Amino acid sequence: MTEPLPQPGVVVGAALVRQGRLLVARRVTPSALARRWELPGGKVRAGEHPTAAAVREVREELGCEIEVTGWLVGEQPIRPGLVLRIALARLVSGEPVPTEHDIIRWLAPEQLSDVDWLEPDLPFLPALRVALADQRWP
């Protein structure tokens, strides 16, 4: 009998959209990733639902509350055993203030290529451009 393959760990990124703009955050650690841009988020804890993880991570990293409204299709490998999934979200209270990043920015769709993204985030950019163009966002 073969042993089942282990399930990969999941990192959730929160695509926080407001008025047609996407919140992005610049990393400070580790040094190999410093000064590169990502969507805020982090690892899903054992037994935690990815939606709850996205809400918790944004609260910890940015001090604000979000509501997850959906998920982008697919996932991207970060390293063996770890994948990135992206939640679409809206701000429900507070203003984002970086605590684990040095800078945050709100980017319009045409600005998404203006920052040096971490590689796992790059394949999600086309879908994020579509999400930003959706007029239903507050």
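Each reported figure results from applying straightforward, stated rules to the coordinates on display, with no laboratory input. Computed from a predicted model, the values in this text were never measured in an experiment. Cβ atoms come from the backbone with ideal geometry, glycine included; neighbour counts cover every protein chain shown.
Observations on the structure shown:
- Three-way shape label, region 19-133, alpha-carbon gyration tensor, a/c 1.5: rounded
- Subtracting the Cα-Cα distance of residue 46 and residue 28 from 0.36 nm times their residue separation leaves 3.9 nm of extension gain.
- Ranking of 62, 33 by neighbouring Cβ atoms within 10 Å, starting from the fewest: 33, 62.
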